[in-house]
1. Kindly establish whether B:Val209 is in a helix (DSSP H, G or I) and touching a residue at least 60 places away in the same chain (Cβ under 8 Å).
2. Do we find that A:Gly42 is open to solvent by less than 10 Å² (accessible area, probe 1.4 Å), in contact with a Gly (Cβ under 9 Å, 6 or more places away or on another chain) and in a helix (DSSP H, G or I) in this structure?
3. Just checking, does the range B:141-161 include any residue being over 22 Å from B:Pro90 (Cβ atoms), out of contact with any Ser or Thr (no Cβ under 7 Å at 6 or more places or on another chain), modelled with pLDDT under 95 and part of a helix (DSSP H, G or I)?
4. Identify, from the list B:Gly215, B:Gly168, B:Gly130, B:Gly221, the residue that is of a type in the set (Gly, Ala, Ser), in the same structural domain as B:Lys12 (by TED's automatic domain parsing) and open to solvent by 60 Å² or more (accessible area, probe 1.4 Å).
5. Taking A:Asp146 and the conditions (1) free of Cβ contacts under 8 Å to residues at least 24 places away in the same chain; (2) in a loop (DSSP other than H, G, I, E, B), which numbered condition does it fall short on, given that it satisfies the others?
6. Taking the residues in the range A:1-37 that are more than 14 Å from every other protein chain (Cβ to nearest Cβ) and outside any helix (DSSP H, G or I) as candidates, determine which candidate is modelled with the highest pLDDT.
7. Would you check if there is a residue in the range A:22-33 being under 30 Å from A:Tyr113 (Cα atoms), of a type in the set (A, V, I, L, M) and in contact with a helix residue (DSSP H, G or I) (Cβ under 7 Å, 6 or more places away or on another chain)?
8. Can B:Lys29 be described as within 16 Å of ligand 2 (Cβ to nearest atom) and under 26 Å from B:Arg186 (Cα atoms)?
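The values are calculated or read from the model by the stated rules, or taken from the named source; none is laboratory data. From a predicted model like this one, the values you see are computed outputs, not experimental measurements. Cβ placement follows ideal geometry from the backbone for every residue including glycine, while neighbour counts extend to all protein chains displayed. Each accessible area value is taken on the protein alone, full model and side chains, heavy atoms only, with ligands, DNA and RNA left out. Shrake-Rupley method; radii C 1.70, N 1.55, O 1.52, S 1.80 Å.
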Amino acid sequence: MKRIAPIDIAGGILVVAFLALLPMFAASNYLTGVLTVCVIYGIWASSWDFMSGLTGRENFGHSLFIGAGAYTAGFLSSIWSTNPWISLPLGVVIAIAFSLLVGFPTLRLRGPYFALAMLSASAILQRLCLIFWEYTGGEEGIYGLDPLMKTPLHYYWFVLAILVVTVIVLTLLAQSHWGLLLRAIRGDEATCQAAGINVTFYKIVSLMISAGFAGLGGALYAHYQLQVSPPLFSVVVSITVIIMVYVGGIGSIYGAAIAAILLTLLTEMLRGFGEYRLWIYTLTLMLILFFLPNGLIAPLWRRLTERLR
Amino acid sequence: MTDLLEVNGVTKRFGGLTAVKNASFTLKKGEFTGILGPNGAGKTTLFNILTGFMQPTTGTIHFNGELVRELAPYKVVNRGMARTFQLTRPFVGMNLLENVLVACMSPRASEDKDKEARASYLLAQVGLGGRDKEPVETLPYGDLRRLEIARALATRPDLLLLDEPFAGLGSSEIEQLAQLIRRLHREENLTILLIEHKLREFMALVSRVIAMNFGEIIAVGPPEEIVKNEKVIEAYIGKTEEAHASA
Ligand SMILES: Nc1ncnc2c1ncn2[C@@H]1O[C@H](COP(=O)(O)OP(=O)(O)O)[C@@H](O)[C@H]1O
Ligand SMILES: [Mg+2]
């Protein structure tokens with residue numbers, strides 16, 4: 001069991017305090033909104049990193065869990081008009097159900113089956129939303145979800161708190177014996193078997209945990225946008241999340257969360273560049289990933305704080 | 001004494017190649033047995049089958065009276081049969097302690113509550129004491145073999161399968177490792193099955209030898225008899241002649 005270094009705790013507190021106070025300095029609902037989306041991406045990215053970053057089994061369809069959580073919230077809050085707070089636990093449950101559906105048959109196999117099954121499952125769900133448009137609202141999606149809180153600022157703080165809990169829980173798990181096994185699975189599954197470890201079980205449970213947090217993030221997103229639509233299931237969302245994790249430093253969890261926040265902010269700031277936006281964004285990512293194959297955030301933080309450990 | 005392991009008519013074919021041909025033998029509790037055979041005789045394949053890493057084309061294996069044929073490898077380990085790999089397979093990026101710790105997490109080791117203490121103790125047992133935090137990347141071959149043994153021991157095996165633990169080691173290293181294995185056999189009440197392709201190395205170690213050639217068991221007996229066995233001598237001389245011819 002690894003101990004979390006005091007410098008990491010201090011750094012974490014500083015970053016969270018900064019994020020919490022940021023909207024106070026420039027009070028605008030626009031900034032608060034952008035930050036809310038940033039933080040939700042942080043939940044998505046760190047939840048991806050927990051399973052795929054630690055076990056090395058890449059999940060190309062994290063949007064399946066995100067969308068499942070979001071649509072659960074959409075159906076519950078808008079169509080069945082339940083109390084919006086029910087969305088969160090049920091979004092988690094439904095996302096976990098999907099993780100079992102895909103993970104159970106494919107995580108026992110070696111090779112690319114799991115990655116491809118995740119990709120296809122998310123694509124299928126996106127199609128199903130269009131096919132069953134009478135229930136899902138088709139392209140338009142579902143409108144009129146109830147907000148969870150009165151003001152955007154309160155909601156931002158709430159979502160930030162959830163991100164903090166997510167990162168703490170996932171980091172503690174990653175540093176525990178459990179996390180050690182997940183990293184061992186990434187290293188060599190045959191050796192794990194020889195060590196008497198049921199690798200399939202650990203992969204499935206870690207996917208369930210990953211899916212649960214992603215579903216929670218999806219439901220939070222739905223209650224921010226007050227609307228859900230099929231692109232939530234899209235491969236673009238999945239790939240964006242994966243890139244965030246790589247920029248953050250794979251397997252670090254906090255790195256994924258911070259990279260998600262920074263990259264989401266970057267996309268927003270590039271809005272001024274109009275059509276060049278995508279070019280600049282893509283180029284930045286390619287440069288980072290090309291020159292820093294281990295990522296930017298976590299390696300940088302480790303380098304900066306080397307002497308303080 | 002009861003049979004701990006009972007192998008019955010095990011055959012393994014890879015396409016046209018029969019790597020193991022109708023192998024049958026038994027191991028009694030507490031026995032120290034060696035499997036001898038030149039490279040390519042099918043020894044590792046036999047281990048892979050015993051431990052569930054491969055399914056036999058035909059044949060059955062009973063361990064502790066239970067059919068192990070279609071069990072996943074980790075289940076075989078948790079029934080009490082642990083192995084090492086011929087080509088050592090440590091977890092890269094982890095230190096020695098963590099490498100053993102993984103196996104301390106197996107269900108069979110659930111009684112060991114303090115996993116760190118147990119892993120540390122096992123490292124000391126195999127002669128790697130006090131080096132818990134060392135990374136595995138810089139470990140010499142002999143130490144990697146010891147690490148593999150510590151990891152196998154962490155699962156509290158009844159039967160330990162060692163795949164060529166001496167390969168690539170110098171003679172003093174071999175002697176030290178042999179001492180360790182002998183001690184484990186004596187003190188830990190382990191049944192051991194050890195693969196070796198050189199006759200000399202383990203003649204003083206094992207009490208019984210199963211000799212293989214081209215996938216077949218060609219002789220079984222105490223080492224003194226095996227060294228005199230015609231088929232065994234032929235297998236080895238045949239090999240050397242081939243080697244000379246191709247050289
Ligand atoms: N997975 C495999 N696929 C095909 N052939 C294999 C495989 N594993 C081993 N073999 C073949 O089976 C024979 C026996 O190999 P092996 O069991 O490794 O021999 P040994 O351990 O006695 O040196 C060799 O001819 C080898 O090439
Ligand atoms: Mg071999």
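1. Details: in a helix (DSSP H, G or I): no; touching a residue at least 60 places away in the same chain (Cβ under 8 Å): yes.
Spelling it out, it is not the case that B:Val209 is in a helix (DSSP H, G or I) and touching a residue at least 60 places away in the same chain (Cβ under 8 Å).
2. On the way: open to solvent by less than 10 Å² (accessible area, probe 1.4 Å): yes; in contact with a Gly (Cβ under 9 Å, 6 or more places away or on another chain): yes; in a helix (DSSP H, G or I): yes.
The answer is yes for A:Gly42.
3. no
4. Working: B:Gly215 fails: open to solvent by 60 Å² or more (accessible area, probe 1.4 Å); B:Gly130 fails: in the same structural domain as B:Lys12 (by TED's automatic domain parsing); B:Gly221 fails: open to solvent by 60 Å² or more (accessible area, probe 1.4 Å).
Testing whether each residue is of a type in the set (Gly, Ala, Ser), in the same structural domain as B:Lys12 (by TED's automatic domain parsing) and open to solvent by 60 Å² or more (accessible area, probe 1.4 Å) leaves just B:Gly168.
5. A:Asp146 satisfies every listed condition except (1).
6. Filtering the range A:1-37 down to residues more than 14 Å from every other protein chain (Cβ to nearest Cβ) leaves A:4-37.
Filter again for outside any helix (DSSP H, G or I), leaving A:4-5, A:26-28.
Details: A:Ile4: 84, A:Ala5: 89, A:Ala26: 75, A:Ala27: 72, A:Ser28: 86.
Top of the filtered list is A:Ala5.
7. Within the range A:22-33, the first condition is being under 30 Å from A:Tyr113 (Cα atoms), and the residues that meet it are none.
Checked the range A:22-33: no residue is under 30 Å from A:Tyr113 (Cα atoms), of a type in the set (A, V, I, L, M) and in contact with a helix residue (DSSP H, G or I) (Cβ under 7 Å, 6 or more places away or on another chain).
8. Numbers: within 16 Å of ligand 2 (Cβ to nearest atom): no; under 26 Å from B:Arg186 (Cα atoms): yes.
In short, no.
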